[in-house]
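Here's the structure, in structure tokens; my notes come after.
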Amino acid sequence: MATNMSGEMDKPLISRLLLESDGSLAEVPSEAFKVGILGSGDFARSLATRLVGSGFSVVVGSRNPKRTAGLFPSAAQVTFQEEAVCSPNVIFVAVFREHYPSLCGLSDGLAGRVLVDVSNPTAPELLRHRQSNAEYLASLFPTCAVVKAFNVISAWTLQAGPRDGNRQVPICADQPEAKRMVSELARAMGFTPVDMGSLASAREVEAMPLRLLPGWKVPALLALGLFVCFFAYNFVRDVLQPYVQEGKNKFYKLPVSVVNTTLPCVAYVLLSLVYLPGVLAAAVQLRRGTKYRRFPDWLDHWLQHRKQIGLLSFFCAALHVLYSFCLPLRRSHRYDLVNLAVKQVLANKSHLWIEEEVWRMEIYLSLGVLALGTLSLLAVTSLPSIANALSWREFSFVQVPYTHGLISPQLKTQGEPLQIVRVPSLCRILCSPRPCPVSSAGSTQPLRLHCEPSPPGCQRRLLNPWLPPGSTWISPPGCVAWKLSRGSELAQADTTLLVSLSRGPLPCST
Ligand code: NAP
């Protein structure tokens, strides 16, 4: 059985050299670092397989090692829990929260160790417990350093390797050294650690796998509301009015024709709602004379939902195309054609050809296809996976012509309290007691940012994207707004990057 588990998965992921998140190469520890796992379930098995495959020495602690040993790779040592916690410094707790108290007997053996909490609560559990699972574990084992990590990675992704799934591993802990150790471990396994700050963020990290399409609720309700309104209007105009005034029964139009007339109306309005907040934001900034002040909440939320609104507009346009292709397939359409032909014959007309109508339809169809093609391009390049693969110039080439003049203009700051650093090419963010916006305004170059590892006692929160310490990131254009951690500022601008550091004496400097 154990032999079956080995094979492909036992091979090191990238032999001795590993790819860092920024593409540089990092060395795997030369001596096999020992990692412990408590629990022998699905997650523990996948984790052990991946750790062994990445060159680590693994010891698994089970209540019944005889029963479970055969399920683990042969290179992993499966033993009793008490024995498993003796030697490794880092121990993964792959058991459910309700079973944490059953581990309390191991307290002495676990003293001074780094415990990695991988657990995920269910939605009712998340609501029921005031403490996150990781904080609860930390309260049970006060002599250990508890790190929240790997909960967003499924057993399947661990088995398949990070090439075939989510690479980001949000990590939070109160002890920087413990967090660093687990980050290194994640990196060595081929994942990208993302610093989420202290253990107080564990609740946020535990809520991540439960999120269902965050950011889509308002845009979806908006699209639905617009659809209902336009559908009602088209129903009254195309169906009810002919019925009331002329007694014509056109209710058959409801499923296809009225829906098809409604969809482009919704698509147009949604598309205009993508660009309207940019205009309003520009107007607000012009009125205030600065771009370094927070927008009103309603405008901020609107700006943040533009991508979803744009994608819904594209969805409606694509549905309209499909419905339009189906129009000639309808029975009603065929009857109309036959009736028209009969009328022609009765009126003794043999050749019906109205030049103006022919041209109108040709141009109408051609413009429709071009419009859909353009909208498709905008929609596809707004997807993160595609946008990340584009260079700054390529992204602007596609997106900017349509948004030109609509994105906030670059304004000079007028004695704002925030520290602002103009960056022609490279900026080193150190530590600032307050959010530090770094702007590439006035520069034709994209912003290059190098993020230093946080000094001790200083927590960095950087959003959109998270920037792992020691890595370099080139800002995409068109980023308009992103929110920082609790209590921090919000900024907006097409090329403004915000780094928030919760504590620390050093000023932001280039
Ligand atoms: P599982 O298959 O049910 O395994 C749980 C393990 O807990 C058991 O195999 C058992 O191992 C151990 N355990 C220790 N004390 C226990 C007790 N008192 N009662 C019952 N079991 C006890 O669960 P899993 O899927 O591996 O998940 C383990 C943890 O990983 C959970 O917190 C889960 O939220 C988290 N997680 C899982 C996934 C996933 O894809 N499965 C993904 C992310 C996070 P022994 O009998 O050998 O002691």
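We did not get these values from a lab; they are worked out from the coordinates using the rules stated. Values in this document were obtained by computation on a predicted structure and should not be read as measured data. For neighbour counting, all protein chains shown are included, and Cβ atoms are generated from backbone atoms with ideal geometry for every residue, glycine included.
Checked against a 23 Å cut-off, the cross-linked pairs LYS250/LYS349; LYS34/LYS66; LYS217/LYS307; LYS66/LYS148; LYS34/LYS179; LYS248/LYS343 give Cα-Cα distances beyond that limit for LYS250/LYS349; LYS66/LYS148.
Once the mean of 1/r is taken over each pair of separate Cα atoms and inverted, the range 45-98 shows a Kirkwood hydrodynamic radius of 11.4 Å.
Per-peptide packing, taken as the mean over residues of other Cβ atoms within 10 Å, places 127-134, 313-320 in the sequence 313-320, 127-134 from highest down.
In this entry, the range 234-307 is assigned a mean projected area of 7.1 nm², taken as a quarter of its C-alpha convex hull surface. If R0 is taken as 22 Å, the Cβ-Cβ distance between ALA220 and LEU276 corresponds to a FRET efficiency of 0.75. Averaged over residues, the count of other Cβ atoms within 10 Å places the peptides 355-365, 202-212 in the sequence 202-212, 355-365, highest first. Taking only the C-alpha atoms of the range 171-310, Rg followed by Dmax gives 24.5, 81 Å. Packing-based ranking of 110-119, 337-346, 247-256 yields 110-119, 247-256, 337-346, ordered from highest to lowest mean Cβ neighbour count within 10 Å. Taking other residues whose beta carbon is less than 14 angstrom from the beta carbon of VAL244, and scoring Lys, Arg as +1 and Asp, Glu as -1, yields +1. A simple count of charges around LEU337, restricted to other residues whose Cβ falls under 13 Å of its Cβ and scoring Lys, Arg +1 and Asp, Glu -1, yields +3.
Close amide-amide hydrogen proximity is noted between VAL78 and VAL60, each under 5 Å apart and 5 or more residues distant or on a separate chain (H modeled in the peptide plane; Pro and chain starts excluded). Residue-normalised convex hull volume from the C-alpha trace of the range 51-171: 120 Å³ per residue.
Could you compute the FRET efficiency for ARG211 and HIS333, with r as their C-beta to C-beta distance and R0 at 30 Å, rounded to 0.05? Computed FRET efficiency for ARG211 and HIS333 comes out at 0.10.
Fully extending the segment from ARG128 to CYS326 would add 66.2 nm, taking 0.36 nm per residue of separation and subtracting the current Cα-Cα distance.
Expressed as a whole number of Å, what is the distance separating the alpha-carbon centroids of the range 194-219 and the range 84-125? Each part reduced to its Cα centre gives a spacing of 22 Å.
Computed over the range 289-381, the range of Cα coordinates on each principal axis works out to 74, 28, 23 Å, biggest value leading.
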